[in-house]
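Written out below as structure tokens is the structure these notes cover.
Derivation of every value follows stated rules applied to the coordinates shown; laboratory data play no part. Note that the structure is a prediction, hence the values are computed from the model and not measured. Virtual Cβ from ideal backbone geometry, glycine too; neighbours counted across all protein chains shown.
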Amino acid sequence: MPKMFNPKDKYFQKAKDEGYRARSAFKLEAIQNKFHLIRLGDKVLDLGAAPGSFMQYIQKIVGDKGLVVGIDLKEIKPFKKLNAKSYVGDIFDEPVYRQIEQQTGVRRFDVITSDLASATTGIKSVDAGRSFQLNEQVLEVAKKHLKSGGHVVIKAFPGADHSQLIAIAKKQFKQVKPFKPEAVRRSSREVYLIGLHMKS
């Protein structure tokens, strides 16, 4: 989950200055600036959305006719604009997606973003394994809830399963590109996988 970090961190301060709930908004901004995934009017699903900084950034791009829907185990503070809705739920549980479809009318999204990360143990192999399981589920969600031609953004922590995750993603997307935004701290192994153009 996105978190606020050291006050001396320039992105922490920038987030505070620009009204974002976490510095992770600037990771998505860098991804958007490079790949142009999200467009005006798009419907976007954000997995692991708390505290909502990805959603804040997305709602500015999609505009009033677009929609961003966030899912997290934690409750997300509501947004003033109607183009952002959040749900408390587990990304592994199908009922939350049915609830979203019933309440928003959206079954398939243009883009899926994920800033999911499990609680870390400090043991690289264990943490990478947990990250793989979460990201494997993100790709399963994409199969069911991403439009043909749509895109996905996945946060990953490279480990023994990383090549397997890329191989699974390549079966679903025409292109899969790794990208490390500047806002990712130098000490972090975190990288984003960008899945472009979901295959039919």
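What the table shows:
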quantity	calculated
Estimated inter-spin distance, Gln164 and Lys74, nm [label 7 Å along Cα→Cβ]	2.9
Potential lengthening between Asp9 and Lys177 on full extension [0.36 nm per residue; Cα-Cα distance subtracted]	57.8 nm
Linear extension gain, Lys143 paired with Leu82, 0.36 nm per residue minus alpha-carbon span	19.3 nm
For segment 151-200, Kirkwood radius (reciprocal of mean inverse C-alpha pair distance, Å)	11.3
Mean residue ellipticity (222 nm) of the chain, computed from DSSP H runs ≥ 4 via -39,500 (n - 2.57), nearest 500	-11500 deg cm²/dmol
Phe132, Phe79 arranged by Cβ crowding within 10 Å, fewest neighbours leading	Phe79, Phe132
Ranking of Ser86, Ser188 by count of other Cβ atoms within 10 Å, fewest first	Ser188, Ser86
Binned Cα-Cα distances of the chain, short to long, each 10 Å bin given as a whole percent	9, 38, 40, 13, 0
